[in-house]
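First the structure, in the form of structure tokens, and then the observations on it.
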Amino acid sequence: MKLFDLESPLMQVLNKVADLMWLNVLTLICCIPIVTAGASMTAMHYVGLKMARNEECYIARDFFKSFKLNFKQATGIWLIMFFIILVLAGDFLIMKNMEMKFGSVIRVILIVIALLFLFTSMFVFPVLAKFENTVMRTIKNAFFIGIMQFPKTILMMILAVLPTAVFLLFPQITPIVFFFGFSAPAWASAKLYSGFFKRLEAQI
């Protein structure tokens, strides 16, 4: 087999890299209005799962198909998440700048709430991308899946923050983060939860 044949391992890797790059650019562009970030992340996870399963995938077409189909619910979920983020950030800021009675207890409670929120956020858009349900049911299912898949959820959280950590430590590789900062962690995460989703799909 020649090195640059379309079916060669090298070309398959290069095609995957190009697809992830294109997916990341689409995700970033569609996140710019902020309010559309939920639909953009849902579409990214939809395409990322298809790529992880090596299913036939047309990046832009499948992305905008999911974006349009899930826009209403994804936007609702994103606004709920954004509100929770603001509330938690405000609470932590207040705790930092004020001395409060039972402050340590309240801080622990806030940390637990933040962790449960992160667990849910790891799966809420992948669940929405793959399964039809109401907004609240999607959030509830994402929460339980995050708990059930505990070790994988932690790994997904690490994957999610890794691009930001790399960017802060090595700003000179900003272009790599720009082209792969969202799509690569989403694809790697899909590799982790694909088997569990398949079992859920079989049950449904």
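Things worth noting here:
- Here the mean projected area of the convex hull built on the C-alpha positions of the range 115-178 is 5.1 nm².
- Under the Karplus curve 6.51 cos²θ - 1.76 cosθ + 1.60, θ = phi - 60°, whole-Hz ³J(HN,Hα) for the range 130-147, x wherever Gly or Pro sits: 9, 10, 7, 6, 6, 4, 5, 5, 5, 5, 4, 5, 4, 4, 5, 5, x, 6
- Calculated on alpha-carbon atoms, Rg and Dmax of the range 140-204 in Å: 14.4, 47
- For the chain, the longest principal axis of the alpha carbon atoms and the long axis of helix 71-97 meet at an angle near 40°.
- Proportion of all alpha-carbon pairs of the chain beyond 19 Å (%): 65
- On the chain, 74 percent of the accessible area sits on carbon and sulfur atoms, based on a 1.4 Å probe.
- Over the range 95-204: Kirkwood hydrodynamic radius from C-alpha pairwise inverse distances, Å: 15.9
- Rounded to 10°, Cα long-axis angle of helix 59-69 versus longest principal axis of the chain: 40
- Backbone phi angles across the range 194-204, fed through the Karplus curve with coefficients 6.51, -1.76 and 1.60 (θ = phi - 60°), yield HN-Hα couplings of 4, x, 5, 5, 4, 5, 5, 4, 5, 5, 5 Hz in residue order; Gly and Pro are listed as x.
- Using the 1.4 Å probe convention, the accessible area of the chain works out to 60 Å² per residue with neighbouring protein chains retained.
- Where the Cα pairs of the range 34-118 fall when distances are cut into 5 Å bins, in %: 3, 14, 17, 14, 12, 11, 10, 8, 6, 4, 2, 0
- What the Cβ-Cβ distance of ALA202 and LEU155 gives, at R0 = 22 Å and to the nearest 0.05, is a FRET efficiency of 0.40.
The values are calculated or read from the model by the stated rules, or taken from the named source; none is laboratory data. What you are looking at is a predicted structure, and each value in this text was computed from that prediction instead of being measured. As a convention, Cβ positions derive from the backbone with ideal geometry for all residues, glycine included, and neighbour counts pool all protein chains shown. Surface accessibility is based on the protein's heavy atoms, side chains included, excluding ligands, DNA and RNA. Shrake-Rupley method; radii C 1.70, N 1.55, O 1.52, S 1.80 Å.
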